[in-house]
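Right, one structure below, let's go through it.
The values are calculated or read from the model by the stated rules, or taken from the named source; none is laboratory data. What you are looking at is a predicted structure, and each value in this text was computed from that prediction instead of being measured. Please note: Cβ atoms are built from the backbone with ideal geometry, for glycine as well, and neighbour counts cover all protein chains shown. Protein only, heavy atoms only, side chains kept; ligands, DNA and RNA dropped before computing areas. Shrake-Rupley method; radii C 1.70, N 1.55, O 1.52, S 1.80 Å.
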Amino acid sequence: MARRERTRPVPADAPWIVWTVVLPLLAAPVAFVLGRRGLAPFAAASSLGVAASVAALAWQVAAQGVQRHRLGGWGAPLGIELHADGLSVLMLVMTAVTGVVVSLHAHGTFGLGGHETREPSGRARFWPLWLFLWGGLNAVFLSADLFNLFVSLELVTLSAVALVALAATRVAVAAALQYLLAAMLGSLLYLLGVALVYATEGTLSLDELARGAPHASVAPPALALLTIGLALKTALFPLHFWLPPAHANAPTPVSALLSGLVVKASFYVLWRLWFQAFPGVAPFEASMLLAVLGTGAIVWGSVQALQATRLKSLVAYSTVAQLGYLFLVFPLVGGPGGLAAWQACAVFAVSHAFAKAAFFMAAGNIRLAAGHDRIADLDGIGARLPRSFFAVGLASVALMGLPPSGTFVAKWMMMRAALESGQAWLMVVMLLGGLFSAGYCFRVLARAFTPPTDTPLQPVPGSLDAAALALAVIALATGLFVAPALDLLAIGAPDVAGLGQDGPR
Amino acid sequence: MTLTLWYALTGVALLVVGVYGLVSRVHVLRQIMAVNIVGAGVFLVLVAGAHRRPSGAIDPVPHAMVLTGIVVAVSATAVALAFARRLRADADERTDGAAREDEARAG
């Protein structure tokens, strides 16, 4: 312990990694007790404060490299260590950008009083839960050991589940309960995997696990348990049953946060475990199985989205489908072009977060205006709600993977990696998935060209349209910022190029 | 070691029972209980893993993990029970409403 203290001194000028986690966690209970009047300025200040500390941490990592901090001076195994490398920072930035814009949308939505939530106190409850969620997400992205990842994921799950229930309808509460039970089972399976890892490896730290040679007989089943638990939380097909009802019935800003960010948190943990903590432990067949399930997710999610009758259900099933892409990358990392596949996955996660959150906000605006979100009854909505509909269009372009969106660049990198490693069938799946997403997006876009009906529309506050449009534009523009993102990802990246089934560890 | 193994196997058995209960039962309360049985199984495996030092000393880390795990499980169970109560109250409201309508029709 003392030896590690000397070799890895904590830089004195590095409080940002701590503030990134602590600030939202401190702000959440304050928001809970704060009166109605002070809530809006406080929420705005704390959102911007968290975003600022993320920006400062990003600058620090870009300038000084990987940042580490042990809270209270306690190191592993009992203390909590935070660790920020390029991948963490990219995820934090994704969360902060989406979070700030969705906060703006939430301010408008919950300020309306009773349109989105049956309970007048929805607004007062949203902010503490969202700040807890934000703190939990940041903690997931910065945790350096298996157990803190568990605790952070639980914080994320509990606040996400409570946020779904804010809609206060019977369907939403039932969906929240189903989500909670599935997530609890997922985290307990994960915890059992952690128990096996600790019993055999004697450590929980991701770094130490990566350095040590894993116990050959126990590491694969432990990783399998961790993977099943996290796949359940990430809603990988066929474990996705809880996602569409929860995401479709939550209040709109919550849907955006859940579909854009929350599912990425458990995926991020899976990603870290496979390629950083346990490199080369999983056999190639296991990564192939994940890719096959990812293919199943793309097909099944798209088919459901093509048949959905409600706009928010369509967007929720689209999330099931898009999550499939993240799993297609597993057999590619480790092959030739594996580094590109690893980077592409991160870029895809980020641009999907922006596009999906924008899509959900725009869909919610349409639902707010029309009073329902039955796709068949939205005739002429493009002409009557041009701003919201334009946001739908931009987000659709990003979801389909057309340039200049980040999704386009990510898919292109994935396809190249698929060709280089001789797994061309993955490329076929990706192209097919793009066609599918075009199919369900055009189901919505077609409503712009039908003759308008004269059913009365509720006015949509400007801030709601502004939020949806802003994030849609960001989603579309991510492709232009892929180069700096790749530079950032290179900081502290694991050596995935040599991970292949044939390569040395 | 054999005793540890027994504990671990019992834990796994509880886990299997719980997962079976979760997927086979429709009633919300039974599902919540099933998840808690899964939790008990996992915690048993964790505690069994604490008995791993040759000197016979107990490793404190799994204990810390189990304590945290119990706190998490209790919180999640509380949230789940709150949802279940809410759903039950909604269902009661609905049946009451239906009953009143029936009375009105009969009267």
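The set of residues in the range A:413-425 being touching a residue at least 40 places away in the same chain (Cβ under 8 Å) and surrounded by 17 or more Cβ atoms within 10 Å (Cβ to Cβ) consists of A:413, A:414, A:417, A:418, A:421, A:423. For the range A:388-412, a residue qualifies if it is farther than 19 Å from residue A:318 by Cα and modelled with pLDDT of 90 or more, and the qualifying residues are A:409, A:412. Can you confirm whether the range A:190-198 contains a residue that is in contact with an Asp or Glu (Cβ under 9 Å, 6 or more places away or on another chain) and either under 27 Å from residue B:30 (Cβ atoms) or surrounded by 21 or more Cβ atoms within 10 Å (Cβ to Cβ) (or both)? The answer is yes; a qualifying residue exists.
With respect to residue B:47, is the statement that it is under 19 Å from the mean Cα position of the chain (by Cα), at the interface with chain A (Cβ under 10 Å from one of its Cβ atoms), part of a helix (DSSP H, G or I) and farther than 28 Å from residue A:165 by Cα true? Considered against the rule, which asks whether it is under 19 Å from the mean Cα position of the chain (by Cα), at the interface with chain A (Cβ under 10 Å from one of its Cβ atoms), part of a helix (DSSP H, G or I) and farther than 28 Å from residue A:165 by Cα, residue B:47 comes out as yes.
Residue B:31 meets all of the listed conditions (1) in a helix (DSSP H, G or I); (2) more than 11 Å from chain A (Cβ to nearest Cβ) but one, namely (2). Just one of (1) surrounded by 14 or more Cβ atoms within 10 Å (Cβ to Cβ); (2) within 19 Å of residue A:79 (Cβ to Cβ); (3) at pLDDT below 85 fails for residue A:40. It is (2).
Residues that are open to solvent by less than 10 Å² (accessible area, probe 1.4 Å) and assigned to a strand (DSSP E or B) within the range A:53-81 comprise just one, A:67.
Restrict the check to the range B:50-60 and report whether at least one residue is at the interface with chain A (Cβ under 9 Å from one of its Cβ atoms), in a helix (DSSP H, G or I), surrounded by 14 or more Cβ atoms within 10 Å (Cβ to Cβ) and of a type outside the set (Ser, Thr, Tyr). No; the residues of the range B:50-60 include none that is at the interface with chain A (Cβ under 9 Å from one of its Cβ atoms), in a helix (DSSP H, G or I), surrounded by 14 or more Cβ atoms within 10 Å (Cβ to Cβ) and of a type outside the set (Ser, Thr, Tyr). Quick check: is even one residue across the range A:144-154 among the hydrophobic types (A, V, I, L, M, F, W, C), closer than 16 Å to residue B:78 by Cα and within 11 Å of chain B (Cβ to nearest Cβ)? The answer is no; no qualifying residue exists.
Yes or no, residue by residue, for (1) under 16 Å from residue A:384 (Cβ atoms); (2) at pLDDT 90 or above:
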{"position": "A:438", "(1), (2)": "no, yes"}
{"position": "A:446", "(1), (2)": "yes, no"}
{"position": "A:473", "(1), (2)": "no, yes"}
{"position": "A:486", "(1), (2)": "no, yes"}
{"position": "A:497", "(1), (2)": "no, no"}
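Put simply, of A:392, A:409, A:428, A:397 the only residue that is open to solvent by less than 20 Å² (accessible area, probe 1.4 Å) and either in contact (Cβ under 8 Å) with a residue 40 or more places away in the chain or in a helix (DSSP H, G or I) (or both) is A:392. Restricting the range A:275-296 to residues that are of a type in the set (S, T, N, Q) and within 28 Å of residue A:318 (Cβ to Cβ), the residue that is surrounded by the most Cβ atoms within 10 Å (Cβ to Cβ) is A:295. Is there a residue in the range A:481-492 that is out of contact with any Cys (no Cβ under 9 Å at 6 or more places or on another chain), surrounded by fewer than 19 Cβ atoms within 10 Å (Cβ to Cβ) and within 15 Å of residue A:352 (Cα to Cα)? Within the range A:481-492, one or more residues are out of contact with any Cys (no Cβ under 9 Å at 6 or more places or on another chain), surrounded by fewer than 19 Cβ atoms within 10 Å (Cβ to Cβ) and within 15 Å of residue A:352 (Cα to Cα).
Hey, does the range A:344-366 have a residue that's modelled with pLDDT under 90, crowded, with 23+ Cβ neighbours inside 10 Å and of a type in the set (A, V, I, L, M)?
no
Under the condition of being at the interface with chain B (Cβ under 7 Å from one of its Cβ atoms), open to solvent by 10 Å² or more (accessible area, probe 1.4 Å) and touching a Lys or Arg at 6+ places or on another chain (Cβ under 9 Å), which residue from the range A:156-178 is farthest from residue B:37 (Cα to Cα)? Among those residues, the one meeting the criterion is A:170.
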